[in-house]
Amino acid sequence: MGKTKEGSALSVCHDEDAMLELADLFKVFSDSTRVKILFALAEGERGVGDIASLLSMNLSAISHQLRILKQSKLVKNRKDGKTVYYSLADDHVESILRIGMEHILE
């Protein structure tokens, strides 16, 4: 969401579809496992096994959460042979994490 004709991203608050989409985005952040995965990916690209090991979780659980994150356009993946590597979709995701952490640490 960039600037709109009215001058700011907040002016879209009258767009019900945009508000529902934003609420759905924040729902994705409501799961601590997904947030942990995002913080892990903020450090760099990782494979599913690496993330599972880092978070002491099984591959199936991590894969399920990665699927949700990918559907929400928060992560992207690339294949290298049989290995799939995940990374943050763009700089906005890291900004959301950083700003959220700054807010709770105030």
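The values are calculated or read from the model by the stated rules, or taken from the named source; none is laboratory data. Computed from a predicted model, the values in this text were never measured in an experiment. No Cβ is skipped: glycine too gets one built from the backbone with ideal geometry, and neighbour counts run over all protein chains shown. Keep in mind that these areas ignore ligands, DNA and RNA; they rest on the heavy atoms of the full protein, side chains included. Shrake-Rupley method; radii C 1.70, N 1.55, O 1.52, S 1.80 Å.
Quick look at the values:
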| read-out | value |
| --- | --- |
| Answer from Ser8, Ser63 - the residue that is modelled with pLDDT of 95 or more and among the polar types (S, T, N, Q) | Ser63 |
| Members of segment 80-106 found to be touching a Phe, Trp or Tyr at 6+ places or on another chain (Cβ under 8 Å) and either open to solvent by 40 Å² or more (accessible area, probe 1.4 Å) or under 19 Å from Ile51 (Cβ atoms) (or both), listed by number | Ile96, Leu97 |
| Restricting segment 48-98 to residues that are assigned to a loop (DSSP other than H, G, I, E, B) and within 21 Å of Lys27 (Cβ to Cβ), the residue that is farthest from the chain's Cα centre (by Cα) | Met57 |
| Residues (among the small types (Gly, Ala, Ser) and in a helix (DSSP H, G or I)) located in segment 27-47 | Ser32, Ala40, Ala42 |
